[in-house]
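Notes to accompany the following structure.
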Amino acid sequence: MTEISSHTRKFQKELNAGTSSLVLLSVLSRSKEPMYGYQIAKMLEESGPEIPMMKQGTLYPVLRSLEENGLLESTVEPSVSGPPRRYYKITNDGREALKEWAEIWKITKKFVDANLKG
Amino acid sequence: MFKTMEEYLDALKTEMKDADPALVQDAQADAREHLSTALEAAREANPAVSEADALGKIIEEYGTPEETASAYREVERRTSPALKQTTKPRSALGRFFGVYTDPRAWGALLYMLIAFVTGVFYFSWAVTGLSVSISFLIFIFGFPIALLFLLSVRGLALLEGRLVEALLGIRMPRRPLFSHQGMKWFDRLKALLTDKATWLMLVYMIVQFVLGTVYFVIIVTVLSISLSFIALPFIQEVLHQGAVYNNGVRYYFPSWSYPLLVLGGLLLWTTFMNIIRGVGQLHGRLAKWLLVSE
């Protein structure tokens, strides 16, 4: 990741704005246990490509806004060392939204691919 | 670049200096949680690693203070705080009567009624907690009691903040601020005692008692005056009761004055709702000033 033009960076950021919500909902819907931010970030790092798509710090405000919209819920639990951790869990509304969003993603992907091929 | 986590957090705070203090507090809590967890993991993997070295890699993945700050700003821009309204230009008369469709006015009314109850509770909690803590300080077990009390004040302040945001629409912290982790409990007590925020929160708990009582009395008074004006025709015509009773004589208002009386009652309540909305916003600012630490 050496020289990336500012256009590219802006494009990536705008794309991430939507996809990060979708990815976070999906990760939390597959997890049986509530997860905290660092855990989610690690999991994405392992599943993702070599180049990280987004900075881990950008996940937290997205988690927070998903919670505000009732798609996630969270509880704070003390950790053995360090500050307490916020554990996130998907809600029923979140699962509903995920179903719809995944559908939109499929259609979008098909649409973009079809146009990229020309 | 950053030798300690605190340096990163300070840089993040500087980067967000124009942002809402409540948002800054949330961002600090998230960053603190992530960085200390990541540091711990790095130390587990390689006990010899220095904090600065480990932090370099962690921050590369987490994002620079600049990137993190912009992510919070971006999301905050898309998520408006509760009850935030898009303002449309309206005529003075429309604005005056539009108060009934403004959720902030109803929220403020509800908040002020609740403030009576919470105010009494906060006041009793603060006074009891303070006197019990101080008097037990002559025993050794007085210290943990004082610590628990001060922590409960923090918790109540966060709770009050959620109430203020939900009903008054003023952005308040959504995360507790934990800045004393990893300390011995005695150091933690000292940190809480020397923190200005703790004392401001206590001041708020006491002020809320006075304000809550005043709000409640005024609301009940104005509501009963407005309602009696509005209900006057009904009382005189249907129940055949004179509106004013003095020395065994009932006086009746003439029937031509009914429209004026009803209109007066409605105007009084509408004016009062406008005032309530304004006072609600002022109270929100007071709450922010006393409960959200810089």
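A residue that is modelled with pLDDT of 90 or more and away from chain B (no Cβ under 13 Å) cannot be found anywhere in the stretch A:38-49.
Name the single residue, out of those in the stretch A:81-96 being closer than 29 Å to B:Ala38 by Cβ and away from every other protein chain (no Cβ under 14 Å), that is farthest from the chain's Cα centre (by Cα). Going through the qualifying residues, I end up with A:Thr91.
Consider B:Ser255 carefully, then state whether it is surrounded by 14 or more Cβ atoms within 10 Å (Cβ to Cβ) and not hydrophobic (A, V, I, L, M, F, W, C).
Working: surrounded by 14 or more Cβ atoms within 10 Å (Cβ to Cβ): no; not hydrophobic (A, V, I, L, M, F, W, C): yes.
Judged against the criteria, B:Ser255 is not a match.
Only one of the numbered conditions (1) among the hydrophobic types (A, V, I, L, M, F, W, C); (2) under 28 Å from A:Tyr36 (Cα atoms); (3) loosely packed, with under 10 Cβ neighbours inside 10 Å is violated by A:Leu116, and that is (2).
Of everything in the stretch B:236-294 that is among the small types (Gly, Ala, Ser) and farther than 30 Å from B:Leu156 by Cα, the residue that is farthest from the chain's Cα centre (by Cα) is B:Gly248.
Quick one: would you say A:Glu100 is more than 10 Å from chain B (Cβ to nearest Cβ), of a type in the set (Asp, Glu) and either within 24 Å of B:Arg73 (Cβ to Cβ) or free of Cβ contacts under 8 Å to residues at least 12 places away in the same chain (or both)? So A:Glu100 fits the description; yes. Could you go through the stretch B:141-148 and let me know if any residue there is surrounded by fewer than 18 Cβ atoms within 10 Å (Cβ to Cβ) and outside any helix (DSSP H, G or I). Yes - at least one qualifying residue is present in the stretch B:141-148. For the stretch A:59-117, which positions are under 30 Å from B:Ala69 (Cβ atoms) and acidic (Asp, Glu)? The answer is A:Glu67, A:Glu68, A:Glu73, A:Glu77, A:Asp93. Restricting the stretch B:67-81 to residues that are among the hydroxyl-bearing types (Ser, Thr, Tyr) and within 8 Å of chain A (Cβ to nearest Cβ), the residue that is farthest from B:Ala31 (Cα to Cα) is B:Thr79. Scanning the stretch B:15-66 for residues that are touching a residue at least 12 places away in the same chain (Cβ under 8 Å), part of a loop (DSSP other than H, G, I, E, B) and within 12 Å of chain A (Cβ to nearest Cβ) yields B:Met16, B:Ala19. Scanning the stretch B:87-137 for residues being modelled with pLDDT under 90 and either buried (at least 17 other Cβ atoms within 10 Å of the Cβ) or not hydroxyl-bearing (Ser, Thr, Tyr) (or both) gives a total of 15.
The values are calculated or read from the model by the stated rules, or taken from the named source; none is laboratory data. Small disclaimer: the values here were computed from a predicted structure and weren't measured. For neighbour counting, all protein chains shown are included, and Cβ atoms are generated from backbone atoms with ideal geometry for every residue, glycine included.
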